[in-house]
Amino acid sequence: MSKTLKIFLAWLLLIGFAVPSPAYSTQFADSGETLRLHWAAKLIPIAFSNSLLKPNPYIKPDSDIQGAIERSLEAWEKAADIKFQVSWTDKQTISPTGKSGDGVSLVTIAQTPENLLMFGEDANTVSARTRIFFNRKGYINEADIVLNPYEQFSTDGSFGTFDFEATLIHEIGHLLGLDHSSVTGATMHEHQGKNGVYNLPAFSSRTLAEDDLAGIRAIYGASSAEDDCCGTLAGKLSQAGGKGAKNFQVWAEEAESGRLAAGVLTNADGVYRVEGLQSGQYRVYTQDFGGEIGKSFSVEELGAVNIVTGKNQTISKKLKSSTKDFDVRYVGFNAQVSELAVPVNGGKSYLIYVGGKNLDSNIVSIGFNSPYISVTPKSLTDHKYGGDISVISFEVNVAPETPLGEYSFFIKSESGAAEFAVGSLTVETFVNSWNSHLLSLRD
Ligand SMILES: [Zn+2]
């Protein structure tokens, strides 16, 4: 096999939300972010339009729509102290924008004028959108979901279609008050791939990540089955000059397994707050999110923390603000790079790609904090990509007993600067049957 593998950027579509913004974060009714959007009652009514079940060009025939709906709702119910009250309706069209809607929280795929208006010029870039109505106190009284009828959905992994379940579970997260997550691999991450990215079905988002679970527990509290939840980690990060470290990613990983627990972004003042954490030991890190080479800052470990149910822990720090001489933008698999996490299975080895700027296997090294995942020594290989994007690959070995969930790897340069690809590898139950072919690559 040739060493100069042609790598291409996998296309991605955004999972739409009317007011795009980053983080695990929750939505707020006010700009000061004091009034968190949430349903007042623990029983949340949701009405599914018959348009989802009638034969239509937007859903592949024989898709398991009922099953996908049930699993999506159950996943959120299991995660937090909420229940859904499900009904079916002939209603097709969501409520237009305004102070209030019609009181029905509708999920629909019907091609009606009002539904199509949700997408506007984004009809080819967004798979679904959610419109939320709330009052001044932050109570949600209606949330409508439109699956984009310009696209096609399926439940069997059909190439080129969106996975219905992965899309719906994400939109229900918005309906409940969650915003987008900065964690790659989280169901609430803003990017969704169609089936076929990495030559795999796009099933990863069907499973809620620990980050999604922490987010929903932050709003509604844990479901009654969980007695070791929840604690909070909060603090303020400032840069060398004393200014708040704005738009920094802060994340906690389980100290023992290295599995990602939750990640948030700092606000304009450098303040962050990770709620919904289960009790236990964590390592906490921060890095500049979405910065540029020479301007963005290297990762820093904020320390170890013991989270205790019902307690607040604080880690505040003045950051060293040391700049990075490289940048990580994409991860990849099967000669494609994208902003989607790579799904893997325990007990196998895979060839993983990382793309960005100034990535050179002579200068950088790659590793995992998890004792379950290792990088094969000397497996780093440079690939031609073109433009100013550089791509390197490496082989990872995932131990059979690796707990399901998201893991991060770090890239470190000779200068000591480092960056984490946060949550970029997701250990899944659905089968990724590809294996690495490292030996032939080395020939
Ligand atoms: Zn979204």
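Before moving on, here are some points about what is shown:
- Considering the conditions (1) at pLDDT 95 or above; (2) touching a Cys at 6+ places or on another chain (Cβ under 9 Å); (3) in a loop (DSSP other than H, G, I, E, B), Thr309 is excluded by exactly one of them, (1).
- When Thr130 is tested against (1) away from the ligand (no atom under 15 Å from the Cβ); (2) more than 29 Å from Asn432 (Cα to Cα); (3) touching a strand residue (DSSP E or B) at 6+ places or on another chain (Cβ under 9 Å), only condition (1) is not met.
- Qualifying residue in region 179-199 (condition: in contact (Cβ under 8 Å) with a residue 60 or more places away in the chain, part of a helix (DSSP H, G or I) and in contact with a strand residue (DSSP E or B) (Cβ under 7 Å, 6 or more places away or on another chain)): yes
- The set of residues in region 96-114 being at pLDDT below 95 and within 28 Å of the chain's Cα centre (by Cα) consists of Thr97 alone.
- Checklist (1) of a type in the set (D, E, K, R); (2) surrounded by 18 or more Cβ atoms within 10 Å (Cβ to Cβ); (3) at pLDDT 95 or above applied to Glu256, failing item: (2)
- Residue among Ala261, Ala222 that is aliphatic (A, V, I, L, M) and out of contact with any helix residue (DSSP H, G or I) (no Cβ under 7 Å at 6 or more places or on another chain): Ala222
- Residue count for region 324-352 satisfying the condition of being within 15 Å of Lys412 (Cα to Cα) and assigned to a strand (DSSP E or B): 3.
- Checklist (1) touching a residue at least 40 places away in the same chain (Cβ under 8 Å); (2) surrounded by 14 or more Cβ atoms within 10 Å (Cβ to Cβ); (3) in a loop (DSSP other than H, G, I, E, B); (4) of a type outside the set (Lys, Arg) applied to Thr429, failing item: (2)
- Restricting the first member to region 92-104 and to residues that are closer than 12 Å to Asn141 by Cα, and the second to residues that are among the basic types (Lys, Arg) and in a loop (DSSP other than H, G, I, E, B), the beta-carbon pairs closer than 7 Å and six or more apart or on different chains are Val104/Lys91.
- The residue that is nearest to Ala421 (Cα to Cα), among those in region 178-190 that are under 8 Å from the mean Cα position of the chain (by Cα) and within 9 Å of the ligand (Cβ to nearest atom), is His189.
- Once region 327-343 is narrowed to residues that are more than 16 Å from the chain's Cα centre (by Cα) and of a type in the set (Val, Ile, Thr), the residue that is surrounded by the most Cβ atoms within 10 Å (Cβ to Cβ) is Val337.
- Of all residues in region 294-323, those that are under 24 Å from the mean Cα position of the chain (by Cα) and within 30 Å of Gly386 (Cα to Cα) total 4.
- The set of residues in region 77-91 that are of a type outside the set (D, E, K, R) and without any contact (Cβ under 8 Å) to a residue 60 or more places away in the chain comprises Phe84, Gln85, Val86, Ser87, Trp88, Thr89.
- From the list Ala209, Ala262, Ala218, Ala166, the one residue that fits, being surrounded by 24 or more Cβ atoms within 10 Å (Cβ to Cβ), assigned by TED's automatic domain parsing to the domain that holds Thr130, in contact (Cβ under 8 Å) with a residue 12 or more places away in the chain and within 20 Å of the chain's Cα centre (by Cα), is Ala166.
- Scanning region 133-174 for residues that are within 16 Å of the ligand (Cβ to nearest atom), among the β-branched types (Val, Ile, Thr) and not in a strand (DSSP E or B) returns Thr167, Ile169, Ile172.
- Among the residues of region 364-392, those that are in a strand (DSSP E or B), hydroxyl-bearing (Ser, Thr, Tyr) and surrounded by fewer than 18 Cβ atoms within 10 Å (Cβ to Cβ) comprise Ser365, Ser374.
- Among the residues listed as Gly196, Gly138, the single one being in contact with a Phe, Trp or Tyr (Cβ under 9 Å, 6 or more places away or on another chain) and within 30 Å of Phe409 (Cα to Cα): Gly196
The values are calculated or read from the model by the stated rules, or taken from the named source; none is laboratory data. Keep in mind the model is a prediction, meaning the values are calculated, not measured. Note that each Cβ is placed from the backbone with ideal geometry, even for glycine, and that neighbours are counted across all protein chains shown.
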